[in-house]
1. How many lysine pairs in the chain, separated by 8 or more positions in sequence or lying on different chains, have Cα atoms less than 26 Å apart?
2. Please give the contour-minus-distance gain from Ala156 to Ile37: 0.36 nm per residue of separation, less the Cα-Cα distance, rounded to one decimal in nm.
3. Apply the Kirkwood formula to the chain: the hydrodynamic radius equals the inverse of the mean of 1/r over all pairs of different alpha-carbon atoms; give it in Å with one decimal.
4. Under a 5 Å amide H to amide H cut-off, with H placed in plane at 1.01 Å, what residues pair with Thr165 once short-range neighbours are removed?
5. With a 10 Å cut-off between alpha carbons and a GNM built on the chain, which of Val40, Val120, Val162 moves the most?
6. Sort region 96-184 into rounded, prolate or oblate with this rule: let a ≥ b ≥ c be the square roots of the eigenvalues of the Cα gyration tensor; rounded if a/c is under 1.5, and if a/c is not under 1.5, prolate when a/b is larger than b/c, oblate otherwise.
7. Would you tally the net charge around Thr132, using a Cβ to Cβ cut-off of less than 15 Å, leaving Thr132 out, and scoring K and R as +1, D and E as -1?
8. From the Cα trace of region 194-281, what convex hull volume per residue do you get, rounded to a whole Å³?
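The values are calculated or read from the model by the stated rules, or taken from the named source; none is laboratory data. Model, not experiment: these values are computed from the prediction. A quick note on method: Cβ atoms are made from the backbone with ideal geometry, for glycine too, and the neighbour counts reach across all protein chains shown. Surface accessibility is based on the protein's heavy atoms, side chains included, excluding ligands, DNA and RNA. Shrake-Rupley method; radii C 1.70, N 1.55, O 1.52, S 1.80 Å.
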Amino acid sequence: MVFQLDTNGELDLGFSNDGVTNGWQELEFIPGSSSYITDVHITDNGDIYLLGDVLDQGRNWALAKLTANGPLAPGFGGDGTVSLDLDMPIDLSAALAWQSDGKLIVVGSTGNLTDGQTCVARYLSNGTLDNTFGTGGLACVQIEDLSFPADVTIDAMGRIVVVGTSYNEFMAPSTYVMRMLSGLNVGVMEFSILEDILNVYPNPIAETTTLRYTLAEAEELTIALQDLQGRVLATYLNGKDMPAGEHTQTITMPSDLASGDYLLVFSSPKGKMSVQVTKAN
């Protein structure tokens with residue numbers, strides 16, 4: 001259900017989807033399916049974005065855009081709604097933020113009961129994923145065994161900041177903060193292990209790519225290439241003592257590797273993170 005209150009706390013009787021002046025309306029992301037709202041954002045021009053989950057052969061992220069007086073905006077996803085299936089048993093949306101350029105940032109988690117990632121998606125104003133961000137509009141990072149983002153905001157420099165809770169293999173919780181450089185076409189992750197910069201270019205990768213990253217302090221660093229099921233395909237650093245500061249490293253993808261999406265996993269005794277990369281044809 002979606003409703004709007006006036007400044008006195010009463011239902012705004014001019015807000016409805018079907019022309020009935022009652023101040024509220026029902027919304028189904030997919031007709032006949034169950035749905036849950038997790039966040040709402042109102043833009044400067046009064047447009048209303050709703051984020052939620054829809055149960056339709058699994059649990060997937062869903063977005064809806066309403067105009068200021070309540071009707072669905074047909075220019076957004078065709079009928080005012082879009083959904084995103086991350087191809088995992090459980091996809092849970094968490095929060096959204098609106099960039100000043102009109103693009104929409106959505107964060108959530110994807111995975112199963114024992115393994116999951118934090119994912120950030122960026123949408124254009126028409127409801128399509130922004131292909132200049134991450135891989136096909138989506139960037140995911142592995143933070144311990146499970147992670148559940150709680151909120152997202154855009155800082156003064158346009159960077160995406162995500163906060164949430166992660167759990168290790170013993171289900172001990174920790175608070176995490178992740179920062180992403182939204183202006184780059186790789187969906188760059190920034191947080192504790194790699195404090196300032198992590199850049200992978202080019203991505204997609206034909207044969208070789210260059211990693212540029214900054215360590216806030218000396219680390220015993222391992223860098224490995226894994227498939228999306230967590231199998232190690234190549235190791236580029238194995239527990240090497242790396243000093244604090246900026247580092248540049250060229251890596252080569254295995255020659256027999258099929259095209260598709262993979263993970264570059266950076267780990268140390270203090271934690272780990274991953275960046276999704278794509279092997280080009």
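1. 4
2. Using 0.36 nm per residue and subtracting the Cα-Cα distance, I get 40.1 nm.
3. 20.0 Å
4. Phe148, Ala150, Tyr176
5. Of Val40, Val120, Val162, the most mobile in the Gaussian network model is Val40.
6. Prolate, since a/c reaches 1.5 and a/b exceeds b/c.
7. 0
8. Cα-based convex hull of region 194-281, divided per residue, equals 83 Å³.
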